[in-house]
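Novice: Please read through the structure below; I'll follow up with questions.
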Amino acid sequence: MILDDLAHEIRGEVKGELRGRVSLGDGTLVNAKSVIKGPALIGKGCTISDSYIGPYTSIGNNCEILNSEVEDSVVMDGAKLINAGNVVDSMIGRGAVIEKNNSLPKGSKFIIGDNS
């Protein structure tokens, strides 16, 4: 509900595509192959590279999202999603890291605590 009232505000550097209401913090970089579809809130000092950030997603400060899709999720400060695939309806704690894993079974819904 909070993101429904989000104002469109860009303080970072955007080379990718923004759709809808998106708020980017200072020092955040969105590269050319990334798409962010609002409402979405992205904190300060983040790097979004070759990724899709879907609506109703909130990303904290100093996060790195690389080659991943995140939608309807909360990613807290300092978390990293690297080749994480499609992450939906998830809560990712502070400093947590999600990287691609080739083992079975595969899943895409997470509730992960801090520094995991």
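The values are calculated or read from the model by the stated rules, or taken from the named source; none is laboratory data. These numbers were taken from a predicted model, which means no experiment stands behind them. Methodologically, a virtual Cβ is constructed for each residue, glycine included, from the backbone with ideal geometry; neighbour enumeration extends over all protein chains shown.
Novice: What tally of residues in the stretch 25-45 results from selecting those that are touching a Ser or Thr at 6+ places or on another chain (Cβ under 6 Å) and under 17 Å from Ser90 (Cβ atoms)?
Specialist: Of all residues in the stretch 25-45, those touching a Ser or Thr at 6+ places or on another chain (Cβ under 6 Å) come to 29, 31, 34, 40-42.
Keeping just the survivors that are under 17 Å from Ser90 (Cβ atoms) gives 40-42.
Residues that pass the stated criteria total 3.
Novice: Next question. Considering Gly113, Gly85, Gly38, Gly107, which residue is touching a His at 6+ places or on another chain (Cβ under 8 Å) and modelled with pLDDT under 95?
Specialist: One residue alone meets the criteria, Gly38.
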